Amino acid sequence: MTQTKHLPVAIIGSGPAGYSAAIYTARANLKPSLFLGHQPGGQLTITTDVENYPGFADVIQGPWLMEQFQSQAKNVGANLISDFIEFVDFSVRPFILRTDMGDTYTADAVIISTGAQARWLGIESETKFQGFGVSGCATCDGFFFKNQHVAVIGGGDTAVEEAIYLTNFASKVTLIHRRDSLRAEKVMQDRLLAHPKIEVLWNHTLEEVLGTDQPKSVTGLKAKNVKTGDITELDTTGVFIAIGHDPATKIFKSQLDMDNDGYIICAPGTANTNIPGVFAAGDVQDKTYRQAIVAAGFGCMAALDAERYLAVLNAHAPGGK
Ligand code: NDP
């Protein structure tokens, strides 16, 4: 059924940033509506153990944490909509949003928290062991690999940073890169190449992640030499895929200021985009930290910035609101 409905605050995306923005705007009585998208809960729903989200003394599960976020948002009055925003028009006021079910909404303020997706290689064994030894985030999962041999795939800043970070726990880190030179910053390259715990396997790609089903865990990997086709087997128990992230910003292109990688640019220290009334929070505008707790903090900032914006807007509305 199609409908046009006006929303005081529309929040797009349901990761930690979106739910935090929903909780804060709901408690400010701004009646937010949050569009859940295709993967409600975001990246944490494909994680297993979470040990670094403050407030929980014991290990929790990513999907459980996101259910709690959702229930909290609902309990404080946020309206949750199971739909995906496929089109926005920020050139008119109120702003226009259209869903892929064909519904149209208008909104006075929009908070974008559509997140980013880690890029994956797309091989079957990688998918099979995701969350069971294959990870897209060393900061999140490195701690689980104390005194073990792990591999990092990629040659950019993320891969190099993750490889160095993993030396805090792992006994050995093998960086596997498809070329014979890295694209990471020179100073980071120097640090990596000088590190006694790190070895680089140049000109190799990940061919297969090896593991067991009971318990589901990684026992090694096969890497293929791109020049000779030779296969090298490593006994790594962790495989970190670090080949980049894609911010979910396609529908905002040419409407909002973005950097070369497609991340939304906010004014420093705020969630304000270049369009007043449109705010961005979480991984969609943060390529440095990419942590749930940081995204949640950004969600709070976006809510407070939206609250201030709406207070001014409503004060200037004919007759006030
Ligand atoms: P990048 O796109 O910079 O690097 C991706 C790496 O993965 C490249 O080395 C690429 O290889 C490799 N790769 C891509 N696809 C495949 C594939 N299918 N198989 C094998 N290897 C593959 O992504 P990053 O996440 O590293 O960085 C993104 C941006 O964020 C950059 O601008 C970076 O500078 C920035 N950043 C900054 C940080 C900081 O300042 N502290 C930290 C992290 C990121 P190839 O080189 O051959 O293309």
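The values are calculated or read from the model by the stated rules, or taken from the named source; none is laboratory data. A quick note: this is a predicted structure, and the numbers were derived from the prediction, not measured. Heads up, the Cβs are rebuilt from the backbone with ideal geometry, glycines too, and the neighbour counts pull from every protein chain shown. Only protein heavy atoms, including side chains, enter the accessible area calculation; ligands, DNA and RNA are left aside. Shrake-Rupley method; radii C 1.70, N 1.55, O 1.52, S 1.80 Å.
Within the set of pairs 6+ apart or on separate chains, which have a first residue in the range 229-240 that is open to solvent by 90 Å² or more (accessible area, probe 1.4 Å), a second that is not in a strand (DSSP E or B), and C-beta atoms under 6 Å apart?
Going by the 6 Å Cβ cut-off, there are no qualifying pairs.
Looking at the range 233-245, can you tell me whether even one residue there is farther than 25 Å from Cys140 by Cα, in a loop (DSSP other than H, G, I, E, B) and touching a His at 6+ places or on another chain (Cβ under 8 Å)?
no
Pick from the range 145-160 the residues that are part of a helix (DSSP H, G or I) and within 15 Å of Leu193 (Cβ to Cβ): which of them is farthest from the ligand (Cβ to nearest atom)?
The residue in question is Val160.
Kindly establish whether Gly133 is buried (at least 19 other Cβ atoms within 10 Å of the Cβ) and more than 16 Å from the ligand (Cβ to nearest atom).
The answer is yes for Gly133.
Looking only at the range 165-188, count every residue that is open to solvent by less than 70 Å² (accessible area, probe 1.4 Å), within 25 Å of the chain's Cα centre (by Cα) and within 11 Å of the ligand (Cβ to nearest atom) and tell me the total.
Within the range 165-188, residues that are open to solvent by less than 70 Å² (accessible area, probe 1.4 Å), within 25 Å of the chain's Cα centre (by Cα) and within 11 Å of the ligand (Cβ to nearest atom) number 6.
Yes/no per residue for (1) touching a Lys or Arg at 6+ places or on another chain (Cβ under 6 Å); (2) within 14 Å of the ligand (Cβ to nearest atom):
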{"residue": "Ile231", "(1), (2)": "yes, no"}
{"residue": "Thr237", "(1), (2)": "no, no"}
{"residue": "Ile243", "(1), (2)": "yes, yes"}
{"residue": "Pro268", "(1), (2)": "no, no"}
{"residue": "Ile275", "(1), (2)": "no, no"}
{"residue": "Ala296", "(1), (2)": "no, no"}
{"residue": "Cys300", "(1), (2)": "no, no"}
{"residue": "Ala303", "(1), (2)": "no, no"}
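Among the residues of the range 246-258, is there at least one that is closer than 30 Å to Val294 by Cα, within 16 Å of the ligand (Cβ to nearest atom) and part of a loop (DSSP other than H, G, I, E, B)?
Yes.
Residue under question is Val200, and the condition is that it be touching a strand residue (DSSP E or B) at 6+ places or on another chain (Cβ under 8 Å), open to solvent by less than 50 Å² (accessible area, probe 1.4 Å) and within 16 Å of the ligand (Cβ to nearest atom); does it hold?
Yes; evaluated as a whole, the condition is true for this residue.
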